[in-house]
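Report on the following structure.
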Amino acid sequence: MSVMPLLSFELDCFRTTSTRPAEVIADGDHLLEEGATPQRLLKCALNQTRPLETDIYSDFQGKEILNLITLLFCSCNVLDICRAILEVKAFKMCLWKLFLAEIHENTKYMCIKGHSYLSQLDFEALRSFQWEKIIEEMYVQQRQLLQVLLNVCTSTNKSEDDEHYMHVVKEVGLMYGILMKRRCNSLSRVQRVVSISLADERVHQKVYDRLQPLGITTSHCVMLRTQKQIGGHFNSQLINAVQEGRKFRFIGDNVNFMIDVSHQRETMKSHMEHWFASMAIIQHSNFSLLSTAKPQVPLLELGPNTFLPQEKDWENIKNCYIVVILEILCKFCKYFKNFKSVKENIKQKLRPDDYDISEVHTSVPLPVLPKNEQKYSDVIEILDFYENVVENVCGGNNILIHIGGDQLTRERFSGAKRLRAASITPKDRFEHLTPITFEFFHLQMSVLTLFYKLLYRKSGTALGTLNAEKITLGRTKANGDDVKNHYNDCKELADSFISGYVVNAVMHFFEMETINSQPNHAFAALDISSATEEEKERVIASSLGEFIDTLILNEAKANLAEPMNFYQQVTYVLPDGGKLILNVPVTVDRCVSENRNDSVLGYGKTVLEIGLLYQCLNLNIKMPNREIVLSLMKYTMCVLKGNNNRSKYALEILRFLFLQTSLLDLKTAKETFYGLFVNQKGKADTNIPADLHMEHFVKEIKEHLKSLHANKTESSVQSRSSAIAGMRQISANYDKTTHVLYRAKRHSTPSSEEDELNIIHRLLRVRPFENNDGRSLQCYTKPLTSPIANINFVHLQEWIRGHQYEIINDFGI
C-alpha cells in the first residue's frame, strides 16, 4: 500500500487557510535571559504542556469573551469560531495541553510490548523492515504527531509533490524511530536495521560511537548482540529451500589471515591463522523426471576411447571455436561485422535446452571454522560440520549433498571420507556428502598457466612474441611466471594477444590483404546484401569450420585417433608342429607437424591451439551446456596430459568424466554439473565458476576480519561469519526500501580494442602463418609443437584403464 496519498491527505486536513503565524508561547522566556541549561529548558517546556484540573486563568479579557459569545450564536463558520477561541490565551493554552496529552497517551499505549511495529526485533522483522509500515502506524495510532511533523517539513508549494513525500516517508519514519526509542529503549527496530546495514559495509566501530548518541544507530555492543542473534538463522534459507523441493551444495576454501601483536612476548607472537570458510549454494534445477538408475553404464564396460574426443566431441568443440573466432572477427574485420546476428544465433544454439542458465542463484555463507584443510584431522571435523548442517536442515531424509572446492580441497575431502569408510553409521561415513568434485576456475587458471608456460619468455623480445607485446603495450602487471597471483592481468594480455593472432590467421587463410578486405573462398560467392540469415550461417559454418579443421584441430585429431593396425599378428611354429599366434604391438608413426622447421609458424599455431582452448573454456563457463563441456573436457585433459604426464588437473578431469558418464545416475550427474556454476546477474552468459564465487566470499570474509581489529577471537570470527548471510539480506532490503543510491565500486573496464589493433598490424609484418622453412625465434631452440604430439597413445589408454579400476573401489567419491 502506498502511504504517500495518506501523507498528502493528512497535511491538507490539518492546514487552515490562515497565513498568520501562530503566536509563540512565551512562558518561561525568562529562563533564556538567565542562561539556563538546555536540560532545564526542556524540563520547563514539558511541564508547561501538562494539563491540570486546577488550572485557573485570571487574564480573561471581556472584549475577547464577548466576540466569542457573539460568534457562537451568530456564525456558522467553524473556522471563525475556532479562531475566536484561540484569541483567548487561556483557552489556547488549555487546548494545546489537551492536544499534547492525547499524543502522550497514544505514545504510552505504543510502548506496551507488541503494540508497536518498532518493538519487533527478531531476524525476520529486521529482514522485512519497511518505512511504509511506520507511517501506517503513525497514521492509525499517532496521527496528531504525524500531522505536526508533516507541517514542519512540508511547505505549501511542495504539498502536491509525490517525490517530496517519497523522501518524507523515510525522514519522518526515522524521526519517529528516534523519538520512540528515546521513550522506550526496546523500540529500536530502526536503529538495529541501520546498524546492521553499516556493519555489512564493515564500518569502523567509531561510527557507532558517533551516531548512537543521535539515536540513529544502536551502540556497538548492541550491534554485536544483534549479529549473534542473526547468526543463528544462517540455515533458515536452506530449510526453506528443502521445503520447496530444491537442492543445495557445499563449497569451501581456506582463509589465511595474520594475527599481529603490538607488544611481542614469549607467549604472544605474530602468526598466521589457517581457517576454513564454506558456503551453501541453493540450486534451482529440476531434473526429477530423469533416470535415477545407478550407474548409468558400468564403468568397466566403457573402453578408454570413451573418454577421448570422438567425432561428435570434435563437432561440439568446432562449434564453440566458431563462436569465439566470429566474436573476434566481428570486432575487427569490416566484412565480418555483417555476421553479428549469425554469431548470436549460433551462440544461442550452444545453450542447454533442459536447464535455465539465466536464473539467479542464492548463496548462503556458513560460519568460518577454525580448521586447517591441510590437516586431515581438521578436514574430518569440517565434514562433520557439513553432516550436522545436513541433519539440521533435511532431518532424517536420505539426501545426497554435492561438495567440492579447488583441487587440494577436493583431494582432502576425498581422503577424509576414505578414512571414515569403516565407521558404523552413515553419518560417520559421510555418506550424505557425495559426489565430491573439483571446480572450474582453478582449471581455467591451469590452462592459462600452460599458455604462458609455452609462449612466455622473459628474455624473448622478438616481434610477435608474448613478452614483446607485454613490453610494447605496457602491461607490466601481467607476470607470466606467476599467473596464479596475477590472473586478471595475465588474462587481459592473453585475450588481446590471442585476438591479434586469430585475425592474422583468418586473413592468411582467406587471402585478405587488410582487415577491411573481403575474404575469398566461399565468401566470394555470397551476396552479403541479399543473403538470408540461414545462408550466412551456412557459409560461416562451412568456411570457419574448414579454417578450424585445417589450421587448429588437424594435428590434435590425427594424434588422438586410434590407429587401424594397432597390433600385428605374428604366428610362431612350435617344435611339436603346433602354432602360437601372438599380437605384437607395433610402433605407430605420429603425425608430423608441418611447422617443424619454422619456429614462427609453430609459435603462431600454438597460440591458436592453447589460446582458443582457453577462450572456449571461458565461453562455456559463462553459459554452461553439459554435453559441450564434457566434449571440451576430453580435449583439455589430453592437452594437459600431453604437456605434463603427471598433470593433477588431467587426472581431475578424468575422474570428473567417470562420474558424469558412468558412476552417477543421470539425474545426479546433471544436478552436480550445473551446481558447479553460479549466476548472480540473471543473464544467460553471466555464470561464473562456483570456486570463483567462493574466492569472492573469502575476500569479503577477510574484510570483515579487518573490521574486528584486535578482537579476532574464535567466537567473534564465527559470530561475524555466521551472520554474513543474514546481514546481507537485511542491508539489501534496507537499500531497497530506502531507495539507496547504488554507487559503482570500480571504473568500467577500458576498451582494449586499440591495443589489439596495434598487435594485428605488428603481426602483419611478421606473417606468422606463412610456412617458411628455417625461420627461428629467439629463446626457442626448436619449433613449438602441440602438447598432444607428446602423448603416447598406448600409455594414454593404459592410464585411463588403470584409473577405471581404481575409482570403482574408491570410497572418496
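What follows draws every value from the coordinates through simple rules; no lab data is involved. All of these numbers come straight from a predicted model, not from anything done at the bench. Reconstructed Cβ throughout: ideal geometry from the backbone, glycine too, with neighbour counts over all protein chains shown.
Residue separation of ASP428 and ASN338 scaled by 0.36 nm, minus their Cα-Cα distance, works out to 26.3 nm of gained length. What the Cβ-Cβ distance of LYS206 and GLU714 gives, at R0 = 25 Å and to the nearest 0.05, is a FRET efficiency of 0.50. Residues of region 272-298 with an amide N closer than 14 Å to a point placed 7 Å from the Cα of ILE399 along the Cα-to-Cβ direction: 280-285. The alpha carbons of region 250-289 occupy a box of 64, 12, 10 Å along the principal axes, longest dimension given first. The long axis of helix 143-153 is offset from the longest Cα principal axis of the chain by roughly 80 degrees. Extension gain, ALA684 to ASP384, is 104.4 nm, computed as 0.36 nm per intervening residue step minus the present C-alpha separation. Each residue, GLU171 and ARG538, gets one label point 7 Å from its Cα in the Cβ direction; the gap between the two is 6.8 nm. Cross-link partners for LYS453 among the aspartates and glutamates, with Cα-Cα distance under 13 Å and sequence neighbours closer than 8 places in the same chain left out: ASP481, ASP482. Beta bridges from DSSP with both residues in the chain: antiparallel share about 85 percent, rounded to the nearest 5. Other residues within the sphere of radius under 14 Å centred on the Cβ of ASN733, judged by their own Cβ, net out at +3 (K and R +1, D and E -1).
Placing +1 on the Cβ of every Lys and Arg and -1 on the Cβ of every Asp and Glu, with no other charges, gives the chain a dipole of roughly 1560 debye about its Cα centre.
Structural descriptor for the chain: relative contact order 19 percent, calculated from alpha carbon pairs under 8 angstrom and at least 6 residues apart.
For the set LYS557/LYS622; LYS92/LYS158; LYS491/LYS622, the pairs lying more than 18 angstrom apart at their alpha carbons are LYS557/LYS622; LYS92/LYS158.
Positive-end ranking of MET272, SER291, TYR614 along the dipole of the chain, with charges on Cβ about the Cα centre, is headed by MET272. Summing Lys and Arg as +1 and Asp and Glu as -1 over all other residues whose Cβ lies under 13 Å from the Cβ of HIS233 gives a net charge of +1. Restriction of the GluC sites (Glu not before Pro) in region 95-162 to DSSP coil positions whose beta-carbon has at most 16 other beta-carbons within 10 angstrom yields GLU160. In region 327-421, inverting the average of 1/r over every pair of distinct C-alpha atoms gives 17.9 Å as the Kirkwood radius. If the chain linking SER358 and HIS220 were pulled fully straight, counting 0.36 nm for each residue of separation and taking away their Cα-Cα distance, it would gain 45.7 nm.
Note on GLU391 and SER707: the model spin-label points, each 7 Å out from Cα along the C-beta direction, lie 3.3 nm apart. Among the aspartates and glutamates, select those whose C-alpha is under 15 Å from the C-alpha of LYS702, and discard any that sit fewer than 8 residues away in the same chain. Output for LYS702: ASP200, GLU201, ASP253, ASP260, GLU273, GLU714. Model label sites at HIS696 and ASN772, defined 7 Å from Cα along the beta-carbon direction, differ in position by 4.7 nm. When both region 660-679 and region 742-813 are represented by their alpha-carbon centers, they are found 27 Å apart. Across the chain, the volume of the C-alpha convex hull divided among the residues equals 297 Å³ per residue.
Give the shape of region 386-429 as rounded, prolate or oblate, defined through the alpha-carbon gyration tensor: a ≥ b ≥ c are the square roots of its eigenvalues, a/c under 1.5 means rounded, and otherwise the shape is prolate if a/b is larger than b/c and oblate if not. Judged from the Cα gyration tensor, region 386-429 comes out oblate (a/c at least 1.5, b/c at or above a/b). Cross-linked pairs LYS247/LYS375; LYS371/LYS712; LYS312/LYS470: Cα-Cα separations exceed 26 Å for LYS247/LYS375; LYS312/LYS470. Across region 619-675, the convex hull enclosing all Cα atoms gives 80 Å³ per residue. Annotation note: GluC sites (Glu not before Pro) in region 465-515 located in DSSP loop regions with a Cβ neighbour count of at most 11 within 10 Å are GLU513. At an R0 of 41 angstrom, the distance between the Cβ atoms of GLN141 and ARG246 translates into a FRET efficiency of 0.50. Around SER219, with a cut-off of 10 angstrom between Cβ atoms, what is the net charge of the other residues, counting Lys and Arg +1 and Asp and Glu -1? Local charge sum for SER219: 0. Residue pairs exceeding 22 angstrom between C-alpha atoms, taken from LYS340/LYS683; LYS318/LYS477; LYS206/LYS228; LYS477/LYS683: LYS318/LYS477; LYS477/LYS683.
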